[in-house]
1. Tell me, what is the per residue accessible area of the range 24-115 in Å², probe radius 1.4 Å?
2. Only bridges with both residues in the chain count here: give the DSSP antiparallel percent, nearest 5.
3. Whole angstrom only: what separates the Cα centroid of the range 21-61 from the Cα centroid of the range 230-303?
4. Would the range 149-285 count as rounded, prolate or oblate if I go by the C-alpha gyration tensor, calling it rounded below 1.5 in a/c and otherwise prolate when a/b exceeds b/c, oblate otherwise?
5. Classify the range 100-144: rounded, prolate or oblate, from the alpha-carbon gyration tensor (a ≥ b ≥ c, eigenvalue square roots; a/c under 1.5 rounded; otherwise prolate if a/b is larger than b/c)?
6. Need one value: the accessible area of Glu371 in square angstrom, 1.4 angstrom probe, rounded to the nearest 10.
7. Based on the Kirkwood radius over alpha-carbon pairs, what value in µm²/s does the Stokes-Einstein equation return for the translational diffusion coefficient of the range 304-378 at 4 °C and 1.567 mPa s?
8. Determine the calculated [θ] at 222 nm for the chain from helices alone, applying -39500 (n - 2.57) to every DSSP H run no shorter than 4 residues and normalising by the residue count; nearest 500 deg cm²/dmol.
Amino acid sequence: MLTNRINTLSESITIAITTLAQELKAQGKDILSFSAGEPDFGTPQVIKDAAIEAINNNFTKYTAVDGIPALKEAVATKLKRDNNLTYTHDQIIVSNGAKHSLFNLFSATIDVGDEVIIPAPYWVTYPELVKYCGGTVVEIPTDDTSSFKITPEQLKNALTPKTKILVLTTPSNPTGSIYSKGELIKIAEVLEGTDIIVASDEMYEKLIYDGEFTSCAAINQDMFERTVTINGLSKSVAMTGWRFGYMAAHNTALIKATKKLQSQSTSNINSITQMAAIAGLNGSADADIEMMRKEFASRRDEAVKLFNEIDGLSVLKPDGAFYLFVNIKEKSSDSLKFAKDLLAQKEVAVVPGVGFGSEGYFRFSFATDIESIRTGIKRIEEFVKDL
Ligand code: PMP
Ligand code: GLU
């Protein structure tokens, strides 16, 4: 009954483990979960107020498929203010989360056999969506010796006449690495003279602790024209459940194509979320963003210190996002078994590195209260002592 296409798709391992941890917790187990990729904070009040006002104003009907003009204007203003990028309304489309934006992008651009370069470790969704759309995944492996970043030489070697897209995630999920402006300029030089699209996933842009964030599209005119900028509000203002994301691209035909797809599939995103998202984008929640960023930064510092005190484990200090990608190679070469045993024996949920395309690591989210982080790392220490 099912298509080959759907049969090749794997379930999101991040969601699967988070769900399992929630189920075990509901059964009364003392589970500490560090698997979720979402802030533990509530959505800022100013955003919730905008949504309540939208409901009371009966802003509850169908809207333009690609987002109401006021929301597109808020996206355009944000991209100008924060990223120095100038996009018009017909270069922007709003979707049900950045995940949906990526699905639209890959659906509109990948033909069977097209190659998509994905640096590993990667966020779990990219290779699955690429395969689903008929593309071939070309992984570029990285590890902690290069701060999990690809070099221009690696990129050059991965290019073929079939290369269609390069996916870049900065800051990265699962490693927190950020590409500096200088590194992006070098990547841009490799791409010059090709038609390759850069899918720049900038979801964690607001969660920067060290270094500076640069949008791929802001490097130069050539990069501006080839880059599709993808972002949203899930991580920056704790809006994971509201489902808001967007894509901005120089190429208006691409935006038009994804609008067509959206018009025949999901239509507009929730009208109330659109009003809330304007408040999330226009600066009204900036103080909340800074409060969360500071809190994440201090959790990061403590968690990194605690992990690096454990014999046999090591972790780089991430520059951004809210994940640690912990090296377990001295203790285990099977991260899935490691994560399963850790959950069974110590009731601690983490995501195995193999799910992100990198064996020998696990991902630990520090978007959790500091007491749980301390207790969780203690339990992990006890677990690895016996390995
Ligand atoms: N990109 C990255 C790198 C992510 O970690 C996530 C996490 N969910 C997303 C995109 C998608 O976020 P959302 O669909 O909630 O906007
Ligand atoms: N992106 C988050 C994560 O990496 C949320 C889960 C998901 O969408 O896969 O955990």
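The values are calculated or read from the model by the stated rules, or taken from the named source; none is laboratory data. Treat the numbers as computed from the prediction; the structure is a model and nothing was measured. Here the Cβ is made from the backbone with ideal geometry for all residues, glycine too, and neighbour counts use every protein chain on show. Accessible surface is based on the protein model in full, side chains and every heavy atom, while ligands, DNA and RNA are left aside. Shrake-Rupley method; radii C 1.70, N 1.55, O 1.52, S 1.80 Å.
1. Details: 4380 Å² over 92 residues.
Result: 48 Å² per residue.
2. 45
3. About 15 Å separates the Cα centre of the range 21-61 from the one of the range 230-303.
4. oblate
5. On the way: a/c = 2.78, a/b = 1.61, b/c = 1.72.
It is oblate, given that a/c is not under 1.5 and a/b is not larger than b/c.
6. Here the accessible area works out near 100 Å².
7. Working: Rh = 12.5 Å.
Estimated via Stokes-Einstein, D reaches 104 µm²/s.
8. Helices in the chain give a 222 nm mean residue ellipticity of -13000 deg cm²/dmol.
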